[in-house]
Each structure stands twice: as structure tokens, then as C-alpha cells.
Amino acid sequence: MDFLRKLTAPGLQVTGYGQGVVHFKCSKNLKQNQEVDGQASLPGGVRCELTVTVTGLSASGEYSAQVNGPPQSITLLEKIFLPASGGSKEQMFYKPNEDDMTRHARTFVIRSRHFPNFMGATAELSRAGALVMLSGPMDPGKKCELNIELDEVAIIPVQATVEWCTQRDMKTWIASLDFEPIDPKHDEVFDQFLKNLKDRAPGHRSTLT
């Protein structure tokens, strides 16, 4: 029965997500307040199950909906779609796996001569990589020299490779970057900066006694 339900589930081509609301296109006609169990297609070729309640339909034929679950799919949405840059500058969110990227409800500037218009922004950042919001596309496999601006603390030079890049809307692309090992003197500053952010995160419990 579950197999048949998945087989007939509508396809949701997700174009945006933020604050629990998802935007998508669908070949089926959906109604206001209708709960939909769909198969979502996310940027970067990611697919997942998604349960939503339809809240609107734009003139361009794009639906908006409240996301109900499942939790693992919400995690994927939050990983791919960056938080709004207008969020609280002190509100930070951290994933339970310490090896995952650190996601902040804020943005950091990344500059590179290889980027469209020479600049990008990231709200998902770790010592291993970042998801960067750009004003144009980049080819997967492209090598980049970056400068990550950590507030007024430091500028961290990084060598990176574009893992994938996908268009988010008419003016925005999202690129996943893999970092090469960072020079130890810069890596120490970067590591301490991220730890300090984590210590200031709401709900974070210090391990110090």
C-alpha cells in the first residue's frame, strides 16, 4: 500500500523554502488547505518525501505551502535553502553532527575573483565547506580562491572546488563548495571563531565547569 501511495504521489519541484514555508511547482491541480503527500525534487538532484498543506497559488503557477514533515526532509530543505539574511545577528543554529556544516541565521561574506560579481554570501559554513549564495552560475569542478570574512575578526583565505551549483530563483544561484585543507595559522582562527559562535547560541550548554 505504501508503495502504491508513493507511486501516485504528486511531484513537487521545490524552488524555495524559509520559515516553514515551501514554494514549488506541481503538474497536478492542488486546492487551498489541501494536505499533500508528495515526492519533492530539491536543487542539486536531491529527492525526498514531503508532506505539506497548500496555502496559496501565485500568478506564475507556483504553489506555497506549510511544511508538515517528515523531519529528515525539513533538514534537507534547511541545508539547501539559506536562511534569510535579515535574521537576528545573534541567533545561531547548529546541527547535531559536529562534522556537518554550521548553519547560522545570518550571513558571512565570501569574496573571490572567480565568483560572478566577485562576491557571495553564506549562512552555512564549516571548516570543510560552505553553501554560497551567488548572483550567477558556476561550473561543477571549478577551482576557486576564496576570502571568507569573519565579521571583524579575520579574513580566511581558502582554496575550494565547486561540488554543484543550482539556480534558486531569477537572480540567485546556490553553489556547494568543498574546501581544501586550510593553512594551520588560519585554520586555528577559523576553528575558534566557529566555537565562539556556538558558545553564544541560544540553548547551548557549555562543557566548562
Subject >> Every residue from the range 157-171 that is surrounded by 14 or more Cβ atoms within 10 Å (Cβ to Cβ) and part of a loop (DSSP other than H, G, I, E, B) >> reply: R168
Original post:
If D183 satisfies every condition in (1) surrounded by 12 or more Cβ atoms within 10 Å (Cβ to Cβ); (2) at pLDDT below 85; (3) more than 22 Å from E78 (Cα to Cα) but one, which is the exception?
Top reply: (2)
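Residue-by-condition table, conditions (1) out of contact with any His (no Cβ under 8 Å at 6 or more places or on another chain); (2) at pLDDT below 90; (3) not in a loop (DSSP other than H, G, I, E, B):
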{"residue": "G136", "(1), (2), (3)": "yes, no, no"}
{"residue": "C144", "(1), (2), (3)": "no, no, yes"}
{"residue": "E152", "(1), (2), (3)": "yes, yes, no"}
{"residue": "I155", "(1), (2), (3)": "yes, no, yes"}
Original post:
Of the residues that make up the range 54-74, is at least one surrounded by 15 or more Cβ atoms within 10 Å (Cβ to Cβ) and at pLDDT below 75?
Top reply: no
Original post:
Can you tell which of V132, V109 is outside any loop (DSSP other than H, G, I, E, B), modelled with pLDDT under 90 and farther than 25 Å from V14 by Cα?
Top reply: V109
**OP:** Could you check, for the range 199-207, whether at least one of its residues is within 18 Å of the chain's Cα centre (by Cα), modelled with pLDDT under 90 and hydrophobic (A, V, I, L, M, F, W, C)?
**Re:** no
Original post:
Quick one: what pairs do we get from the range 126-141, first residue in contact (Cβ under 8 Å) with a residue 40 or more places away in the chain and not assigned by TED's automatic domain parsing to the domain that holds N196, second surrounded by 21 or more Cβ atoms within 10 Å (Cβ to Cβ) and part of a loop (DSSP other than H, G, I, E, B), C-beta under 9 Å, 6+ apart or different chains?
Top reply: none
Original post:
What are the residues in the range 43-80 that are touching a Cys at 6+ places or on another chain (Cβ under 7 Å) and assigned to a strand (DSSP E or B), if any?
Top reply: Y63
Original post:
Is the range 178-195 home to any residue that is out of contact with any Phe, Trp or Tyr (no Cβ under 6 Å at 6 or more places or on another chain), in contact (Cβ under 8 Å) with a residue 12 or more places away in the chain and part of a strand (DSSP E or B)?
Top reply: yes
Original post:
Counting only residues that are part of a loop (DSSP other than H, G, I, E, B), at pLDDT 90 or above and either surrounded by 10 or more Cβ atoms within 10 Å (Cβ to Cβ) or touching a helix residue (DSSP H, G or I) at 6+ places or on another chain (Cβ under 6 Å) (or both), how many does the range 11-31 have?
Top reply: 3
Original post:
How many of the residues in the range 75-84 are in contact with a strand residue (DSSP E or B) (Cβ under 7 Å, 6 or more places away or on another chain) and either modelled with pLDDT of 75 or more or more than 21 Å from L42 (Cα to Cα) (or both)?
Top reply: 2
Subject >> Top-ranked residue in the range 34-50 [being crowded, with 18+ Cβ neighbours inside 10 Å, closer than 26 Å to S176 by Cβ and not small (G, A, S); ranked as farthest from the chain's Cα centre (by Cα)] >> reply: L50
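The values are calculated or read from the model by the stated rules, or taken from the named source; none is laboratory data. Fair warning: this is a prediction, and the values are worked out from it, not measured in the lab. Cβ atoms come from the backbone with ideal geometry, glycine included; neighbour counts cover every protein chain shown.
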